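> Just passing along the structure, written as structure tokens.
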Amino acid sequence: MRLLRRGFVLEGMTLAWNVVGVVVLAFAAVAARSVALGGFGLDSLIEIGASIVVIWELSGTGERRQAVALRAIGSAFLVLALYLAVQSTIIVVVHYHPHHSPVGILWTAVTALVMFVLAAGKDRTGRHLNNPALRSEARVTLVDAILALAVL
């Protein structure tokens, strides 16, 4: 029961961080005219969706629920991969150079740290719970952390 509660807390923290991040990144992206910051905000939306799926999965039982959650998280990975391919192609093709955004830089740097910690906690908790959905979503969070470093 304690591990399950920890899983809910980790997902809740991820969800809250990313909801705030969408707003912060939207303002920072517009101010800096930054495609990367805007795209990172879209990545936060993907992470929000994945967290909601895992919270739903943790609140019930059954292999069917877990299978649906794993498919949804797999879809989140595909959307994230597509987003990364499109964004990086656009930036390279148009030789785009954004302005600096101190808010964007600070938020993205702190997000990288927070997401690495959350990903490790989710993976460890998912392993102890034997919950593949939580472990898969930990990988989404890890990709989010790595993407934050790439945006920096």
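> Restrict the check to segment 17-36 and report whether at least one residue is closer than 27 Å to Pro98 by Cβ, at pLDDT below 85 and not in a helix (DSSP H, G or I). Show your work before the answer.
First pass over segment 17-36, keeping only residues closer than 27 Å to Pro98 by Cβ: 17-36.
Now restrict to residues that are at pLDDT below 85: 33-36.
Filter once more, so that each one left must be not in a helix (DSSP H, G or I): 33-34.
So far as segment 17-36 goes, yes, one or more of its residues are closer than 27 Å to Pro98 by Cβ, at pLDDT below 85 and not in a helix (DSSP H, G or I).
> Within segment 37-65, restricting attention to residues that are open to solvent by 50 Å² or more (accessible area, probe 1.4 Å) and of a type in the set (S, T, N, Q), which residue is modelled with the highest pLDDT?
Filtering segment 37-65 for residues that are open to solvent by 50 Å² or more (accessible area, probe 1.4 Å) and of a type in the set (S, T, N, Q), the one modelled with the highest pLDDT comes out as Ser59.
> Any residue in segment 93-108 that is at pLDDT 90 or above and open to solvent by less than 100 Å² (accessible area, probe 1.4 Å) sitting within a Cβ distance under 7 Å of a residue that is assigned to a loop (DSSP other than H, G, I, E, B) and among the hydrophobic types (A, V, I, L, M, F, W, C)? List the pairs, counting only those 6 or more apart or interchain.
Going by the 7 Å Cβ cut-off, the qualifying pairs are Ile105/Leu152; Thr108/Leu152.
> Limited to segment 131-152, what total is found for residues that are more than 13 Å from the chain's Cα centre (by Cα) and of a type in the set (Val, Ile, Thr)?
Here the count works out to 1.
> Then there is this: Go through segment 76-87 residue by residue and tally those that are in contact with a Gly (Cβ under 9 Å, 6 or more places away or on another chain) and of a type outside the set (Phe, Trp, Tyr). Explain how you work it out, then say what you get.
Residues of segment 76-87 that are in contact with a Gly (Cβ under 9 Å, 6 or more places away or on another chain), as a first pass: 76, 79, 83-84, 86-87.
From what's left, of a type outside the set (Phe, Trp, Tyr): 76, 79, 84, 86-87.
Selection size over segment 76-87: 5.
The values are calculated or read from the model by the stated rules, or taken from the named source; none is laboratory data. Note that this is a predicted model, so its numbers are computed, not measured. When we count neighbours, we look across all protein chains shown, and the Cβ atoms used for this are built from the backbone with ideal geometry, even at glycine. Only protein heavy atoms, including side chains, enter the accessible area calculation; ligands, DNA and RNA are left aside. Shrake-Rupley method; radii C 1.70, N 1.55, O 1.52, S 1.80 Å.
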